[in-house]
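Visitor: Have a look at the structure that comes next, please.
Since every read-out is calculated from the coordinates, none of them should be taken as a lab result. Keep in mind that what you see is a predicted model, and the values were worked out from it rather than measured. Counting neighbours? That spans all protein chains shown, and the Cβs are built from the backbone with ideal geometry, glycine included.
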Amino acid sequence: MNEATASGLCVRRAAAADVDALRLLAQAVAALPLLQRYGVQSGRLGEDLAGLARLHSDAAAPANSEELWLAEDAADRRSLLGFARVLVGSERGSGHFGRGGYLRLIALRPGENGRGVGSRLLAAVEDSVRMRHSDLFLLTSDFNQGAQRFYERAGYARVGALPDFVHAGITELIYWKRLLASTTATVAASRPHES
């Protein structure tokens, strides 16, 4: 199981056993003003997330499928704190924008902002995408300045805009980050070659 625990948070991939908790989380996050503005319905979101959790439990799931990452309190794993949905693509040279993963959504249970939950979910997504691609893309709403600051602090660059792309009257800002292969590979690559 891909699981990382730090700062009292556990981040892991979803599993079939998470279906009920995902439906409850969907109810909570669908009430957020951002998702309300996009017309997200809790029942449909809950079923989408439950379907992804079941897919992760299927050994025959396609390698290029969407991944669902979950955050929970390491001491109390009864309720989920947030999730991240990412399309990972299947191999280098394929994927979104022809070359990378695409982060569809990070959503946190109301009241969980500021605890590092979003940062931990984003780090898990980046680690997963990095296995197949050197780039990760995402869209964020032009009015969502908090998300823009969050992604910019995490090293993402704003590279474009798509007016009315997802919802009429909202411009989606395109963000991109080049993912480094690994810390050891980066250190090795930065050392001068010996003759």
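Visitor: Test of understanding: ordering Trp176, Trp69 by Cβ neighbours within 10 Å, fewest first, what list do you get?
Guide: By the 10 Å Cβ count, ascending, the order reads Trp176, Trp69.
Visitor: Grab the Cα-Cα distance for His167 and Glu47, subtract it from 0.36 nm times how many residues apart they are, and report the gain in nm with one decimal. It would help to have the intermediate numbers written out before the result.
Guide: Working: separation 120, 0.36 × 120 = 43.20 nm, distance 2.14 nm.
Result: 41.1 nm gained on full extension.
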